[in-house]
There are 2 protein chains.
Amino acid sequence: MREIESHRCFGGTQLVVEHHSHTLGCDMRVAVFLPEGYAHAPVLYFLSGLTCSEQNAIQKSGAQRWCAEHGIVLVCPDTSPRGEGVADSPDYDLGQGAGFYLTATQAPWSAHFRMDAYVTTELVERIAAYTDSSARGITGHSMGGMGAIRLALANPGLYRSVSAFSPILQPLDVPWGHKAFAAYLGEDRDAWAAHDPASLVAGASERLPILVDQGDADSFLATQLHSERFLAACRAADHPVEYRLQPGYDHSYYFVSTFIGDHVAHHARYLR
Amino acid sequence: MREIESHRCFGGTQLVVEHHSHTLGCDMRVAVFLPEGYAHAPVLYFLSGLTCSEQNAIQKSGAQRWCAEHGIVLVCPDTSPRGEGVADSPDYDLGQGAGFYLTATQAPWSAHFRMDAYVTTELVERIAAYTDSSARGITGHSMGGMGAIRLALANPGLYRSVSAFSPILQPLDVPWGHKAFAAYLGEDRDAWAAHDPASLVAGASERLPILVDQGDADSFLATQLHSERFLAACRAADHPVEYRLQPGYDHSYYFVSTFIGDHVAHHARYLR
């Protein structure tokens with residue numbers, strides 16, 4: 001893990017490290033915030049959204065303040081494999097920067113796009129270099145909010161807590177999901193359903209409480225982020241979810257930064 | 001004032017507005033954070049550093065959280081005049097993005113570079129559209145930290161509080177100051193001294209307490225930001241200054257965000 005950046009921040013250290021990922025077959029950067037006395041600290045993963053990298057959350061969310069307060073390591077991976085040898089598209093919502101936290105089965109994406117395995121296995125192993133804690137939470141924004149909920153539901157026992165900002169809660173029902181699933185997974189709708197939080201919650205073997213914040217002035221809310229089927233699935237499965245529709249807030253990190261303190265506190269309740 | 005951005009943020013609103021500046025002779029953007037119930041709220045100006053625009057502080061400092069808590073309007077201007085008709089240089093430390101908060105007397109800069117008058121007069125008038133308070137504080141980072149201290153010392157009665165992160169405290173003594181002053185002000189060293197915080201503090205007619213944070217791991221500290229002559233001038237003039245050398249911190253917004261809460265609280269003591 002080569003250190004690219006190191007900044008003292010809220011009494012801890014904000015690192016950006018680079019490593020070769022054997023899962024993805026390319027070099028990856030990941031941002032790691034280490035609070036003071038981190039050797040046994042639990043870990044919160046933050047998955048970012050479309051067009052983002054490992055930089056957005058560490059520069060804009062303000063999460064370090066709260067992670068320092070609660071003694072939590074914050075890990076912010078990039079959103080997709082990267083580099084010249086990695087497939088890409090001119091569209092912002094497909095290819096590099098848009099990995100959708102899944103394992104692609106279709107060419108050309110299947111050569112590198114395995115962000116779910118990268119986050120749930122390789123990164124977990126790599127973060128063991130910093131802390132020996134196995135207490136993990138996961139959160140994220142937009143595409144990454146979807147990723148957080150899906151990875152938590154699909155990997156029982158791996159995370160103790162989950163939350164999301166502005167998540168794509170029903171990718172089966174919206175243009176972002178249709179486009180990504182068709183490209184990465186092909187036309188097999190059963191494969192799509194395995195990546196759909198609303199579908200997964202129906203069969204969840206554990207009842208991890210989910211905290212979700214959406215902004216009611218989010219310009220993507222009506223077209224990409226609607227939540228009725230997900231919330232109905234939670235009710236039907238008696239799966240605990242706290243869904244908060246925040247009046248006036250949009251899709252930006254101004255929204256994330258406003259409520260990130262609540263989310264870190266939510267995770268701290270389960271992680272400490 | 002044309003609205004370019006509007007985001008709900010910490011119960012208030014983060015605006016970016018654009019207007020034609022009669023002082024600078026070009027269009028300018030300025031970021032304004034309005035906390036809830038801002039009609040009579042005091043105002044804190046944040047002057048950014050070299051290469052920055054009105055965006056850096058609002059995206060990265062986390063100041064809105066504290067301004068919301070203390071009920072303070074936050075105003076973040078751009079760092080220089082901008083646009084095709086405005087003089088520029090290929091160097092990051094001269095021209096657009098590097099206005100040094102002064103009135104240039106030398107061609108080609110004298111046509112537009114009047115950032116001191118823009119901040120102390122035109123912006124003050126424009127911000128009266130949001131709040132009727134005349135309670136003002138000023139802070140800033142790096143070049144903007146220098147600007148904050150200089151504008152406070154040079155305009156007695158205009159600001160009630162002043163602070164700075166990583167300021168260029170002795171521009172007379174460092175390469176950034178030499179280059180900017182020679183280009184903008186010419187070779188008249190008396191004109192340079194009028195822009196030097198250490199020189200100004202000796203003749204200050206009011207005793208505005210100054211809070212300064214520097215990071216001792218700031219790579220610019222030894223070459224551009226040293227403070228001995230400034231602190232000696234404060235001692236000689238019995239001018240109140242709290243100078244904090246923060247161990248391990250660098251020049252980045254990770255440093256600013258860590259201590260911005262202290263700074264907003266410092267200003268709130270004098271502004272509320």
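Residue pairs whose Cβ atoms lie under 6 Å apart, sitting 6 or more positions apart in sequence or on different chains, and linking a residue in region A:1-19 that is within 13 Å of chain B (Cβ to nearest Cβ) to a partner that is among the acidic types (D, E) and assigned to a strand (DSSP E or B), are A:V16/A:E5. Residues that are more than 11 Å from chain B (Cβ to nearest Cβ) and not in a loop (DSSP other than H, G, I, E, B) were ranked within region A:32-54; the one that is surrounded by the fewest Cβ atoms within 10 Å (Cβ to Cβ) is A:L34. In this structure, A:V256 does satisfy being among the β-branched types (V, I, T) and in a helix (DSSP H, G or I). When you look at B:Y249, is it more than 14 Å from chain A (Cβ to nearest Cβ), in contact (Cβ under 8 Å) with a residue 12 or more places away in the chain and within 30 Å of B:G71 (Cβ to Cβ), yes or no? No; evaluated as a whole, the condition is false for this residue.
Per this entry, B:E3 is counted among residues that are over 29 Å from B:W176 (Cβ atoms), touching a strand residue (DSSP E or B) at 6+ places or on another chain (Cβ under 7 Å) and either at pLDDT 95 or above or part of a loop (DSSP other than H, G, I, E, B) (or both). Would you pick out the residues in region B:59-106 that are out of contact with any Phe, Trp or Tyr (no Cβ under 7 Å at 6 or more places or on another chain), crowded, with 21+ Cβ neighbours inside 10 Å and within 14 Å of chain A (Cβ to nearest Cβ)? Once the filter is applied, which keeps residues that are out of contact with any Phe, Trp or Tyr (no Cβ under 7 Å at 6 or more places or on another chain), crowded, with 21+ Cβ neighbours inside 10 Å and within 14 Å of chain A (Cβ to nearest Cβ), region B:59-106 yields B:G62, B:W66. Restricting region B:63-95 to residues that are in contact with a Pro (Cβ under 7 Å, 6 or more places away or on another chain) and part of a loop (DSSP other than H, G, I, E, B) leaves a set whose member that is nearest to B:Y45 (Cα to Cα) is B:I72.
Do you know which of the residues in region B:124-134 that are in a loop (DSSP other than H, G, I, E, B) and touching a residue at least 40 places away in the same chain (Cβ under 8 Å) is surrounded by the most Cβ atoms within 10 Å (Cβ to Cβ)? Ranking the qualifying residues of region B:124-134, first place goes to B:T131.
Of all residues being more than 28 Å from B:G215 (Cα to Cα) and part of a strand (DSSP E or B) in region A:20-31, which is nearest to the other protein chains (Cβ to nearest Cβ)? Just the residue, please. Here the answer is A:M28. Taken together, the residues in region A:206-241 that are under 18 Å from the mean Cα position of the chain (by Cα) and surrounded by fewer than 16 Cβ atoms within 10 Å (Cβ to Cβ) amount to 1.
Each residue in region B:47-88 was checked for being more than 16 Å from the chain's Cα centre (by Cα) and under 21 Å from B:T23 (Cα atoms), and 7 of them qualify.
Among the residues examined, A:V201 does not qualify as within 14 Å of chain B (Cβ to nearest Cβ) and crowded, with 21+ Cβ neighbours inside 10 Å.
Tell me whether region A:23-37 contains one or more residues that are touching a residue at least 60 places away in the same chain (Cβ under 8 Å) and out of contact with any helix residue (DSSP H, G or I) (no Cβ under 8 Å at 6 or more places or on another chain). Yes; the residues of region A:23-37 include at least one that is touching a residue at least 60 places away in the same chain (Cβ under 8 Å) and out of contact with any helix residue (DSSP H, G or I) (no Cβ under 8 Å at 6 or more places or on another chain). Scanning region B:53-105 for residues that are of a type outside the set (S, T, Y), touching a helix residue (DSSP H, G or I) at 6+ places or on another chain (Cβ under 6 Å) and farther than 30 Å from B:R269 by Cβ returns B:A87, B:D93, B:L94, B:A104. Counting the residues of region B:107-123 that are surrounded by 17 or more Cβ atoms within 10 Å (Cβ to Cβ) and either outside any loop (DSSP other than H, G, I, E, B) or in contact with a helix residue (DSSP H, G or I) (Cβ under 8 Å, 6 or more places away or on another chain) (or both) gives 10. Applying the criterion of at least 2 residues that are in contact (Cβ under 8 Å) with a residue 24 or more places away in the chain to the helices (runs of 4 or more DSSP H) found wholly in region A:137-205 leaves A:143-154, A:175-185, A:197-202.
The values are calculated or read from the model by the stated rules, or taken from the named source; none is laboratory data. Only a predicted model underlies this, so the values are computations on that prediction, with no experimental measurement involved. Note that each Cβ is placed from the backbone with ideal geometry, even for glycine, and that neighbours are counted across all protein chains shown.
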